[in-house]
Amino acid sequence: MVNSRILPFLVFTGLILPLVLLCSGNKPAPLAGGLETTNGIAVRVTDGVITGTASVPSSIIICDSGYSAPALDTFRFADTITTDKNGEFTFSEIPYGTYTLIVRSADLTGGCIIPGITLGNNYSDRYDSVPFVPLAALTIQTFTASTPCQNTVVFIRGTTFNTITGYDGIGSITHIPSGTYRIEAAYRTEKDLIPQLHTSIANGVAVADSGSPILVMHLLLENPEE
């Protein structure tokens, strides 16, 4: 006969404990620093260091919030790393400033953008868990007056997404996380040895993985550059 004192323990180990283990097996595995995610990326900023884990192997780009395109500005910060075999990554020794994280899965099926990450004397710790969305593409055609404009730089400020148009004024930005963006275009010329800048801005441009219409941008002359 079973001792009445150990009967409750046997009931717990035989019935309750397996049920607890079964339920816990359905939870996402804990990630770096205790972060958890099931579809996307989890990021933590603490002590000026950015750490995180992606649910699949991913490429992580960090760039400062004023980044435009190398053809326009070579003094902006950008860096790229790839998650390790566990999906983990760390950015350290990043100059003080405000940054954007651009995340894309290695197979280029999904990604996300996390803006407004601040590092510096007045930074505050933060935690983000952001799901991946499908990646998409945007085709742009630029004009000056009615003429297609070649060598126009088209970009999404604060990201590394940019392109330079061809002879027909057409360029494409690919592998963008689906969403709504502000698209900027710039074209430099000279008149009487004075640099001139032609620009255009399109707000609220929807970029969808199901396809987006060609974005037509007409460039206008700004004040001559100093």
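Values quoted throughout were computed directly from the atomic coordinates according to the rules given, and no laboratory measurement underlies them. These figures come from a predicted structure and were not determined experimentally. Neighbour counts run over all protein chains shown; Cβ positions are idealised from the backbone, glycine included.
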Taking Cα pairs closer than 8 Å and at least 6 residues apart, the relative contact order of the stretch 135-221 in percent is 36
Of all chymotrypsin sites (Phe, Trp or Tyr not before Pro) in the stretch 144-226, the ones in DSSP coil with at most 16 other Cβ atoms within 10 Å are 167
Mean shadow area (nm²) of the C-alpha convex hull around the stretch 135-221 is 5.7
Taking 93, 184, 190, 88 and counting other beta carbon atoms within 10 angstrom, the fewest-first order is 93, 190, 88, 184
Expected sort for 85, 191 with the fewest Cβ neighbours (10 Å cutoff) up front is 85, 191
Kirkwood radius from Cα pairs of the stretch 32-131 plugged into Stokes-Einstein at 37 °C, 0.692 mPa s, gives D in µm²/s equal to 239
Treating only Lys and Arg (+1) and Asp and Glu (-1) as charged, each at its beta carbon, one finds that the stretch 77-226 has a dipole about its Cα centre, in Debye to the nearest 20, of 280
For the stretch 33-132 the chymotrypsin sites (Phe, Trp or Tyr not before Pro) that pass both the DSSP coil test and the at-most-16 other-Cβ-within-10 Å test are 75, 77, 96, 123
Using alpha carbon centers only, the stretch 146-189 is separated from the stretch 46-121 by a whole-angstrom value of 21
Given the candidates 152, 199, 216, the one whose Cα lies deepest towards the positive end of the charge dipole of the stretch 135-221, counting +1 at each Lys or Arg C-beta and -1 at each Asp or Glu C-beta, is 199
Given unit charges at Cβ for Lys, Arg (+) and Asp, Glu (-), the dipole magnitude of the stretch 135-221 about its Cα centre in debye, nearest 20, is 140
Ranked on Cβ counts within 10 Å of their own Cβ, fewest leading, 108, 193 go 193, 108
